[in-house]
Number of protein chains: 2
Amino acid sequence: MSNGQLLIIGGNAAGMSAASQARRANPDIDITVVEQSPYISTAHCGLPYYISGEIKDINSLTARTKEYFEDKRNVKVLTMTKALRIVSSSKSVETLDLRSGTKAALSYSRLIIAAGGDVVQPYSGKYIFSLRNTQDGLSLKKFIDSSHPMNAAVIGGGMIGLEMASSFRKLGMKVTVFEGSPAILPGFDTEISAPVERYLAGHDIKIIKSKASASDSASGGVDVSAGGRSHHYDMALIALGTKAAAQLAGAAGCELGAAGGVRTNLKMQTSIPSIYAAGDCIEVKNLISGKNVYIPLGTTANKTGRVAGINAAGGDAVFHGIIASAAGNILNMTVARTGLSEEEAGDGFGEIASVVSESASRADYYPGGSKITSKLIFSKTSGQLLGAQMMGKEGVAKRIDILAVCIQQKMKLRDIAGLDLTYAPPEAPVWDPVLKAVNTALLKLRK
Amino acid sequence: MSNGQLLIIGGNAAGMSAASQARRANPDIDITVVEQSPYISTAHCGLPYYISGEIKDINSLTARTKEYFEDKRNVKVLTMTKALRIVSSSKSVETLDLRSGTKAALSYSRLIIAAGGDVVQPYSGKYIFSLRNTQDGLSLKKFIDSSHPMNAAVIGGGMIGLEMASSFRKLGMKVTVFEGSPAILPGFDTEISAPVERYLAGHDIKIIKSKASASDSASGGVDVSAGGRSHHYDMALIALGTKAAAQLAGAAGCELGAAGGVRTNLKMQTSIPSIYAAGDCIEVKNLISGKNVYIPLGTTANKTGRVAGINAAGGDAVFHGIIASAAGNILNMTVARTGLSEEEAGDGFGEIASVVSESASRADYYPGGSKITSKLIFSKTSGQLLGAQMMGKEGVAKRIDILAVCIQQKMKLRDIAGLDLTYAPPEAPVWDPVLKAVNTALLKLRK
């Protein structure tokens, strides 16, 4: 396909990774990206830090510009261009130029759908915000800078909700988080989410465990209704999660999965062979549970985009799946997880057990360290490590990654205990928290 | 062996780990530790930070006291007691009380030799120091505090030499390191050791590549002779490495290995079944090269002590070996390695290749990050990752540990590239330095 036409719908992590890798795999192919916003290649995970002011310039979140892609990679980038419809029979995509209102039909030999995710946004109003993309970030920042809100509601206590609560708190606002389920941080077990909740409370972030709805208040600001009571705030942020933007793919005839995302094979090919999909619009396989899941993350978007780009351009690459490794930073406390939570580990692994342990991030005698709390989830039947969760002020995310390798490799606790990990007093105790947690688990395993 | 007598020679990392684990495995056994110094259970890796003043109280390096072991663990601890001779035929050890000069014979049913290592110390004098144990640390600190040396020579540019050079520099001294081989940091390849050398030079630590000898100067201080020239310093530290203290074991008839340490099986049993050995006096198997090596490290001492203790007390544990994971901190720069260096990877893996890459420790747009330089060593024939080396100001040691798991699991580059690692802007870019390095290696693999 040296003279093929590769069309990519979506110009963020997955779409632009695909474009870069397609160009690397094939110098001759025509590559066009259509993106409905004015922005491409933006690190959305940085937005909470732009809101908090830690990152001053939102442009710094742009990994590579349109000009870079056009000049250096020979990739045509059409921003403010919405893909309206995929006509797979004629291999073309109907587009709308949002500036001029002009429609066009772009033909392709291979198509990559990297349409991203849509925020769940049941409430809207002048004082109600969400945070999915650069435009959302700019609107919210503009509102904060001009209206100086003193208090904010965050509806949804997942990682993004808590990162945003943290950003608001850093700006000096009073913050209340509404969480409809019994615990914050879905995907974490209560041994970690409960101390995080206490940490938030200790830093003046209030948590109300109740489903909540929001609407603009007649007097300005927002009324949040929860548990039969009404609360008033200067603003509200909705952080109820993301759904796969799979409509376009579905309408084109691509098979969708039970988790709501586009289904692909290991080459990121949809059920229509000329159409690939990647990023937040697809579902992926959890390699530990074997189940397809919808977990939209920047890491997965980059990896699946890369694989889709290589294959669509005639190369050869595979993406096997994820193990749900994720980290977030909440008021300088890192919370991270990988593998299965105890709740998720219910089926197929025999008797499940878990241990919680505490350890120091540095050698006990070395100044400046802090406490790391770890939970390990494992099969008592086989000894296989299934999941890990940690919280702490330093050295958490990459320790979760050490365990992520163990989990992805389906290692047993006794083999993990034998790992040769580094020790340097400023960075780790002689028994690293990872090994200490595993040794604690082994004691329970032997009982 | 409920009424057995376990005798342990050596009261530091390996010996006291053995004592603790033996007690856990067997509540009834008699356990006695003999230690020739007045100190037990000391984290010697913390000594450079005691010298620099970052750790104020040398007692904080003592993980557990003699009283703790005697009162809480029912372990008898005889300090200032030197083991003179093991008589394996009568299962007894001849000891000398260094305080009273009294000799005694202690009988055992099982013996653990955890005699540690001896520093290579070809030069001695009033102004010449080494740093192996608490006594060394106290002597050196006392000299510095009373004599206020303005300049120091460090003879030996390995990790300990450089950590001590760093400590002296932090105290404001002028420091010169003498290294007899062409590069500092044995075990690292020049792609890492050369930038470390530049970093040291940039922080006013001079490196002279020459074998050196030292002797007290007639006028006070030290004369260091190197390359036909004589240099004068207020003091010198000898850091030429450590040898296994294997004399006692060897004289008792325990088999020693080619690397100079006591040989053991996976249960840490020597060639005499009632005698176990652990810690810096043994040699261990490098699980990647398959060769026996002498690499004295606190991590290995703790692990082998643990296994020796469990087995000697009638339990069941194994220690398979090491992959030479090690980290050090030199003027706030972490240098770490795992697996085989390119030089070590010569045999048995087909064609060897390596790549060097640079990456940021945090998301590019997030403030405060720093550069990480990585080198990966791999087999071009099989794609197996064989070794990794990194340097950087943050996030280095635990990233080396991520790769240590991969290497210990004998993973191939393409499988490592598929690992699901975490991403949080304050702690990692979306493509973690680990994955970026692996992707760079994959490009070379495919050529």
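The values are calculated or read from the model by the stated rules, or taken from the named source; none is laboratory data. In this text the structure is predicted, and so the values were computed from the model without any measurement. Note that we place each Cβ from the backbone using ideal geometry, even for glycine, and neighbour counts take in every protein chain shown. Side chains are part of the model used for accessible areas, which takes the heavy atoms of the whole protein and leaves out ligands, DNA and RNA. Shrake-Rupley method; radii C 1.70, N 1.55, O 1.52, S 1.80 Å.
Can you confirm whether the range B:217-235 contains a residue that is touching an Asp or Glu at 6+ places or on another chain (Cβ under 7 Å), among the hydroxyl-bearing types (Ser, Thr, Tyr) and surrounded by 14 or more Cβ atoms within 10 Å (Cβ to Cβ)? Yes, there is a match, as at least one residue in the range B:217-235 is touching an Asp or Glu at 6+ places or on another chain (Cβ under 7 Å), among the hydroxyl-bearing types (Ser, Thr, Tyr) and surrounded by 14 or more Cβ atoms within 10 Å (Cβ to Cβ). For the residues A:Phe143, A:Phe188, the requirement of being farther than 26 Å from A:Ile40 by Cα, in the same structural domain as A:Ser215 (by TED's automatic domain parsing) and among the aromatic types (Phe, Trp, Tyr) singles out A:Phe188. The lone criterion from (1) among the polar types (S, T, N, Q); (2) more than 8 Å from every other protein chain (Cβ to nearest Cβ); (3) under 26 Å from B:Ser60 (Cα atoms) left unmet by A:Ser382 is number (3). As a summary of the residue check, B:Lys291 satisfies the conditions (1) within 12 Å of chain A (Cβ to nearest Cβ); (2) without any contact (Cβ under 8 Å) to a residue 12 or more places away in the chain except for the one numbered (1).
Screening A:Phe319 on (1) closer than 17 Å to A:Gly15 by Cβ; (2) of a type in the set (A, V, I, L, M, F, W, C); (3) open to solvent by less than 10 Å² (accessible area, probe 1.4 Å) shows it passes everything except condition (3).
On the stretch given as the range B:365-382, residues that are buried (at least 19 other Cβ atoms within 10 Å of the Cβ) and touching a residue at least 60 places away in the same chain (Cβ under 8 Å) total 9.
Mind checking which residues of the range A:391-403 are touching a residue at least 24 places away in the same chain (Cβ under 8 Å) and open to solvent by 10 Å² or more (accessible area, probe 1.4 Å)?
Listed by number, the residues that qualify are A:Met391, A:Lys393, A:Glu394, A:Gly395.
Kindly indicate which of B:Gly350, B:Gly368, B:Gly346 is away from chain A (no Cβ under 14 Å), at positive phi, more than 20 Å from the chain's Cα centre (by Cα) and not hydrophobic (A, V, I, L, M, F, W, C). Within the list B:Gly350, B:Gly368, B:Gly346, the selection yields B:Gly350. Taking the numbered list (1) in contact with an Asp or Glu (Cβ under 6 Å, 6 or more places away or on another chain); (2) under 30 Å from A:Val175 (Cα atoms) in turn, A:Ile400 passes all entries but (1). The set of residues in the range B:247-260 that are assigned to a loop (DSSP other than H, G, I, E, B), in contact with a strand residue (DSSP E or B) (Cβ under 8 Å, 6 or more places away or on another chain) and either open to solvent by 30 Å² or more (accessible area, probe 1.4 Å) or not assigned by TED's automatic domain parsing to the domain that holds B:Ala301 (or both) comprises B:Glu255, B:Ala258, B:Ala259, B:Gly260. Those strands (runs of 3 or more DSSP E) of the range A:345-447 in which 2 or more residues are basic (Lys, Arg) occupy A:371-379. Is it the case, given these coordinates, that B:Ile272 is on the phi < 0 side of the Ramachandran plot, touching a Gly at 6+ places or on another chain (Cβ under 7 Å) and either open to solvent by 10 Å² or more (accessible area, probe 1.4 Å) or outside any helix (DSSP H, G or I) (or both)? So B:Ile272 fits the description; yes. Being under 29 Å from A:Thr62 (Cβ atoms) and more than 7 Å from chain A (Cβ to nearest Cβ) is the filter; apply it to the range B:404-427 and report the residue that is surrounded by the fewest Cβ atoms within 10 Å (Cβ to Cβ). Restricting to residues being under 29 Å from A:Thr62 (Cβ atoms) and more than 7 Å from chain A (Cβ to nearest Cβ), the top hit is B:Ala417. If you go through the range B:420-447 and keep only what is farther than 29 Å from A:Leu331 by Cβ and small (Gly, Ala, Ser), you end up with B:Ala437, B:Ala441.
Considering each of B:Arg306, B:Arg337, B:Arg362, B:Arg263 in turn, give the residue that is of a type in the set (Lys, Arg), closer than 30 Å to A:Gly53 by Cα and either more than 14 Å from chain A (Cβ to nearest Cβ) or open to solvent by 10 Å² or more (accessible area, probe 1.4 Å) (or both). Walk me through how you get there before you give the answer.
Numbers: B:Arg306 fails: closer than 30 Å to A:Gly53 by Cα; B:Arg337 fails: closer than 30 Å to A:Gly53 by Cα; B:Arg263 fails: closer than 30 Å to A:Gly53 by Cα.
Unique residue meeting the criteria: B:Arg362.
Can you tell me which residue within the range A:428-447, out of those that are more than 9 Å from chain B (Cβ to nearest Cβ) and within 28 Å of the chain's Cα centre (by Cα), is nearest to A:Gly368 (Cα to Cα)? Result: A:Pro433. Residues in the range A:350-385 that are in contact with a helix residue (DSSP H, G or I) (Cβ under 7 Å, 6 or more places away or on another chain) and more than 17 Å from A:Arg399 (Cβ to Cβ): A:Ile352, A:Ala353, A:Tyr365, A:Lys380, A:Gly383. Taking the criterion of being among the acidic types (Asp, Glu) and either in contact (Cβ under 8 Å) with a residue 40 or more places away in the chain or under 18 Å from B:Leu131 (Cα atoms) (or both), the residues of the range B:173-212 that qualify are B:Glu179, B:Asp189, B:Glu191. The C-beta contact set for the range B:147-172 (first residue on the phi < 0 side of the Ramachandran plot and open to solvent by 10 Å² or more (accessible area, probe 1.4 Å), second residue in a strand (DSSP E or B) and modelled with pLDDT of 95 or more, distance under 6 angstrom, 6+ apart or interchain) comprises B:Pro149/B:Met235; B:Asn151/B:Lys174; B:Asn151/B:Tyr233; B:Met159/B:Gly328; B:Glu163/B:Gly328; B:Arg169/B:Val175; B:Arg169/B:Ile205.
Among the criteria (1) more than 19 Å from the chain's Cα centre (by Cα); (2) of a type in the set (Asp, Glu); (3) within 29 Å of B:Gly298 (Cα to Cα), the one A:Asp401 does not fulfil is (1). For the range A:48-72, a residue qualifies if it is of a type in the set (A, V, I, L, M) and facing chain B (nearest Cβ under 9 Å), and the qualifying residues are A:Ile55, A:Leu61, A:Ala63.
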